[in-house]
Every structure is written in structure tokens, then in C-alpha cells.
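Contents: one structure, followed by commentary.
The values are calculated or read from the model by the stated rules, or taken from the named source; none is laboratory data. Nothing here was measured: the structure is a model prediction, and the numbers come from that model. Please note: Cβ atoms are built from the backbone with ideal geometry, for glycine as well, and neighbour counts cover all protein chains shown. Just so you know, the surface numbers come from the protein's heavy atoms only, side chains and all, with ligands and any DNA or RNA stripped out. Shrake-Rupley method; radii C 1.70, N 1.55, O 1.52, S 1.80 Å.
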Amino acid sequence: MAKIIQESIDLKPESISKKDITIAWLRWYYANEIPHSFDRYLAASLMWGLMPILKKLYKKKSDLAEAYQRHLLFFNTQLTWGGGTISGIMASLESIRASEVHQEKSISIDDDLIYNTKAGLMGALAGIGDAIDSGTVQYIFIAIALPWAQQGLAIGALFPFIAFVLYQLFVGYYFAQLGFRLGRNAATEVVGNKMQMIIEGLSILGLFMMGILAASYIKVSSILKFNLSGKDFIVQEILDKILPGFLPLLVVMGLYYYFAKKGLKVTRALVGLTIILGVWATIEYLLVEYLKVIS
Amino acid sequence: MQDMHVTVLQATIIAIWVALIMSRGLGGATLTLRFSPMMTGLIVGVVFNDIPHAMITTAAIQLIYMGVFSPGGQMPSEPAIATAVAVPVAVLGKMDPTAAVAVAVPVGLLGSYLYQLRFFLNTMIMKLTEKYAAEGNSHGLTLSIIVLPFIAGIVLFFPFMFAALYFGAPFIADIIKSNAGGLAFHILNVIGGGLAAVGIALTIYVIGKKSYIIFFLLAYFTAVVAKPLNITMVTYAILGAIIAFIFVLAKNEAANAVAKNTNTNSNNSGQADDDY
């Protein structure tokens, strides 16, 4: 009897602290896309992140091996919003399961529940996270620093890098702790009303910054000049009198409608625009040379 | 003065840097290093001892990669690889930044095929991960999840980058320099200046609802009109944040007003939103 009790104490899952969650988050942050594969995507990264927690929870080697295998099924999400939240939730679910296993109760947190929670959240959170982190916040930092880079200053590279890394570490930490606290209910919080407002505000700010960038940095102009009966006509000056910045806007809007119609065919847009601009530049250049010769 | 020449040391340092990024060996921080050419441009500037020229060129390359990130892990072109080749070409050939952009695009496309090959190698290493997981072997898992994929990435990207820099960059710079001025240069400049529009259009498409394009237009014409005032990006960012805040606030107030009118008899319905 004493031996059985002692064994039960040895196999008792340790409790999971805030610090354990932080470590799991940092491990996932580091491993993020290192083992990226075609068949499992980022599953191994999340599993490697959770490893210290799983070791604390499952003292029996066969239980631990099962837990490792449980987290190797296909998984793909975004680094902070998805990965942060889901690593927190997984730690919470696994600690409930581990105590059920230890007390030999029936397991309410079964393999299906764990996988379905991951599968349900990974897509939605990846969509939100990609749009906010990589698509908006990153480019707001870059937009702010771009003029410095254009002046040849190193801070133009350092500022967006450092700011974005700090942002991601902080946001991911917040979501990992949140995920652990809320466990199963985390999803509703992240896709809740307040978050939607923040997302909307950020997307407006992002669009606004793109407008500033477009006006400042897209350089499409005409070099055409005519000389009609002794009078110079410079095409670009005439365009500027009608609507300043018309040509760059035309190019951006044209591309936007191309993406809206044909989907995100970025490579094709790059190649297509290169050809169009190349042909246009050639014609304009030859025309200007020709007009020089005949006048 | 070493013209049209990349030393073994220069090629090695830049190739190691790019291999670290593409193998994701620097952890989550490599996300922004891979999507944005900025830090790679700075490293190239340090290695070639010409930070100002490198940064100016990188800024031009950044513009075409605005908005490029990889939903689902697929990238059409690799900015870090493109920059690591195009910036040395620009620095060696004393080229205009916009002309360097035209060099960056094809190199970046090649790089994206290599990144796909990395997934393939990782898929094979995955078999080992499965085996260690079944054994509950924690040290084995660290080996197969972190160490081996990292080594595979380095072995894949280092030789490619070294060759592209040591042999490729001086060759391209040579060709472009011999055609300096004239039609070829004009074409490269026009293309380079216009391609920035791809990144910006992509960002608009990805981040905004269709009806919110009005905010893009507002900013566009504000910037066109205010160009002589030399307003900084930080000022514009603050202005944009205020406008975004006003809009969200107004929209929320309107939604609350509607909710109050329709649910006058159930007065606990609006509570859930503002208690955290």
C-alpha cells in the first residue's frame, strides 16, 4: 500500500506556473519555422515549445511519449496571435488532462478535443495575426523608418527590426498568458468585440500610411516634350496642372483592381508591370530622341 | 579602391547572414528579417563599407516588397536574398537605387524556389522526429526539430549565396556599368520607380476592406499637397492614428445607439463589451 502511494506521489503532475508559460512561449518563438515541413508544417515547433511543460505533467515515460505524438499532427498558424494563444491554451488543457490521468478519472480532455481546439483556432488566429503583425504593424514601423534609410542612415534598418521584434515578443507573451488563463474560453476573447475594434483601427492606420508612401515614393512620370511652332509642351507639367500625382495613383489603382479581380498573383503582377513599364520607357525614350533629331 | 570585385571574406559574411535568415536559425526574429530587406541591406553596407549607398538602395528595394508576407508560408520572392545580391551590385557599379531594383526581382524569385526545397528536406527529417516522439526521447527531439533543420538550411543556402555574390554580383555590375546612360539605364530606372506600386497595392488589398480605400486616397492627396512642407512619417503616423481612432469611435457610438434603440427592454445586452 505504502509503495503504491509513494509511486502515486512520484508520478503526480507538477503545477504549471506563469514562468513555465513564458518559457513555452519563448521556445515556440525560437523554434517557430525552423522545422517547417510540407506534411506537418509547424507542429514540431509547438511541440518543442511545450516540451518542458509536458515533462512536468507526465512523469510516466509512456504518457510523455503519447503527449509528444499528440502534438505532432498538422499545425500551422501565425507566430504571436496564433502561436502565443494556442501554446497557452494547450498548456492549460494538458494540465487538466494530466491530473485526470493521474487521478485515474475518465479523461474529459481527449485527443479529439485537443486537436479540434488547435484546428479551430489556428486558421482564424493566423488570419488576424498575419494581417495585423506582418501586414500592418511591421509596415507601419518600416514606413516610419523609410525616409531615414533613404537618407542613407543605418537607423532606417535598425528601428523597424528592433521595434517589430520587441512588439512580437510582448504581444506573444500577452497572448500566451491570456490563453493559459482562459483555457477553453480563449477563442471568444480574441475574436471578441474589443479586438475587432483594434483590428479595424489598425487596418485604417495601415491604409493611411500606404497612401503617404504611395504619394512619396512611387516614381512614375513622363519625360515627353513637344515643340509646337516654337512653344514647348512638357507633358508632365500639364498633368501636374490637372491633377498632381495622377500617374502613380493610376498605377497603384490599376494593380489594386488586378489583385481584386485575379487574386494575389504577385509574381505575375511584378513581371507584367515590368514589361509594361519597360515598353513604355522604350517608346518614350525613342520618341524624345526622335523629336530632338527632327527639331 | 577595389572596383567590380567581391572578396572571399565579403561573400562569406553576407552568405552566412542570409543562410541564417533563410534557415530561420535566428528564431522568431527572422520573420521580419526575411520579409523585409532592411537589415540585410545594412549588413551589406557594413561589409562593403558604404552604409549610405547601401541604405538608399535598400529603401528602394523595400518599396517593391511592401506588403509582401507569407500567408501560409509561401512567398513569391525572397527579399533578403534579392537584397544580398542587388545591393552589392549597386554599390560596386555606383548605380542608381531604382536600377538596382530591377536586378533584385529575378534573384528573389530564384531564392523562393530554394526555400521550397528547404521544406522538402525538413519533411524527410520529420520521420526522425516521429521516431523520437514515440520513444519519448527529449534530446532526440531537440536534435531533429532544431539542430538538423538548421544545418540543412545552412548547407542549402550558404553555397548558393556565396556563388551568387562572388561570381554573380561583379558580373552583373560590369554589364550594367558598360551600358551606363542611354536607353538601358532609362528603362531600368522607370521600372524600378514604378515597381514600388506593386507592394503598396498588395498591402492595400490585404489589410483593408474595400470601402476603406477612402483612407488611402485621403492620405495620398494629403501627402501630394503637403509635399513642400517636408512633414515626417512619424507626424503622418500620428495623424493617421487619430483619424483611425475617430472613425472607430464614431462607428462604435453609432452601433451602441442602434443597439439601445432596438433593445430597450433588455438592458443588460450592451454590458458584455466594456467590462474588460
**Message:** With angles folded into 0 to 90 degrees, how steeply does helix B:169-178 sit against the dominant principal axis of chain B? Use alpha carbons for both and round to 10.
**Reply:** 90 degrees
**Prompt:** What Kirkwood hydrodynamic radius do you get for the range A:2-212 when you take the inverse of the mean 1/r over all pairs of distinct Cα atoms, in Å?
**Reply:** 18.5 Å
**Prompt:** Mean shadow of the protein assembly as shown, computed from the convex hull of its alpha carbons, in nm²?
**Reply:** 32.1 nm²
**Asked** Within a Cβ distance under 13 Å of A:Pro248, other residues only, what is the Lys/Arg minus Asp/Glu net charge?
**Response** +1
**Item:** Neighbourhood charge, 11 Å Cβ-Cβ cut-off, centred on A:Ile234 and excluding it, Lys, Arg +1 and Asp, Glu -1
**Value:** 0
**Asked** If we count trypsin sites (Lys or Arg not before Pro) as exposed when they sit in a DSSP loop and have at most 13 other beta carbons within 10 Å, what is the longest stretch of chain B that avoids them all?
**Response** B:95-208
**Asked** If you roll a 1.4 Å probe over chain B with all protein chains in place, what percent of the accessible area is carbon or sulfur?
**Response** 69 percent
**Item:** CD proxy at 222 nm, helix term only [per DSSP H run n ≥ 4: -39500 (n - 2.57); per residue of chain A; nearest 500]
**Value:** -24000 deg cm²/dmol
**Distribution of pairwise C-alpha distances over the range A:47-139, 5 Å bins, in %** = 3, 13, 23, 23, 15, 10, 7, 4, 2, 1, 0
**Request:** Provide a whole-number value for the mean count of partner chain Cβ atoms within 10 Å of the Cβ atoms in peptide B:81-88.
**Result:** 0
**Cα pair distances of the range A:220-294 binned at 10 Å [whole percent]** = 16, 37, 30, 13, 3
**Item:** Cα gyration tensor, chain B - rounded (a/c under 1.5), prolate or oblate
**Value:** oblate
**Item:** Degrees separating the helix A:18-31 axis from the principal Cα axis of chain A, which is the longest one
**Value:** 50 degrees
**Percent RCO, i.e. relative contact order, over chain B, from Cα pairs under 8 Å lying at least 6 residues apart** = 24 percent
**Asked** So how far apart, in nm, are the two label points at A:Val235 and A:Glu14 if each is 7 Å from Cα heading toward Cβ?
**Response** 7.3 nm
**Asked** Using a probe radius of 1.4 Å on protein heavy atoms only, what is the accessible area buried between chains A and B, both sides summed, to the nearest 100 Å²?
**Response** 9600 Å²
**Asked** Residue by residue, what Karplus-based ³J(HN,Hα) values in Hz, rounded to whole numbers, does the range B:26-43 have, using 6.51, -1.76 and 1.60 with θ = phi - 60° and x for Gly and Pro?
**Response** 8, x, x, 5, 5, 4, 6, 5, 7, 7, 10, x, 4, 5, 4, x, 5, 4
**Item:** Net lengthening on full extension, A:Leu113/A:Ile223 (0.36 nm per residue, minus Cα-Cα)
**Value:** 33.1 nm
**Asked** With chain B treated as a Gaussian network of Cα nodes joined by springs under 10 Å, which of B:Leu26, B:Leu229, B:Leu143 yields the largest mean-square fluctuation?
**Response** B:Leu229
**Message:** What is the angle, in °, between the Cα long axis of helix A:266-294 and the longest principal axis of the Cα atoms in chain A? Nearest 10 is fine, range 0 to 90.
**Reply:** 10 degrees
**Prompt:** Once fully extended, how much extra length lies between B:Leu110 and B:Phe247, figured as 0.36 nm per residue of separation less the alpha-carbon to alpha-carbon distance?
**Reply:** 45.0 nm
**Request:** Output the relative contact order of the range A:2-212, whole-number percent, from Cα pairs under 8 angstrom with separation of 6+ residues.
**Result:** 24 percent
**Asked** Relative contact order of the range A:91-169: what whole-number percent is it, with Cα pairs under 8 angstrom and at least 6 residues apart?
**Response** 17 percent
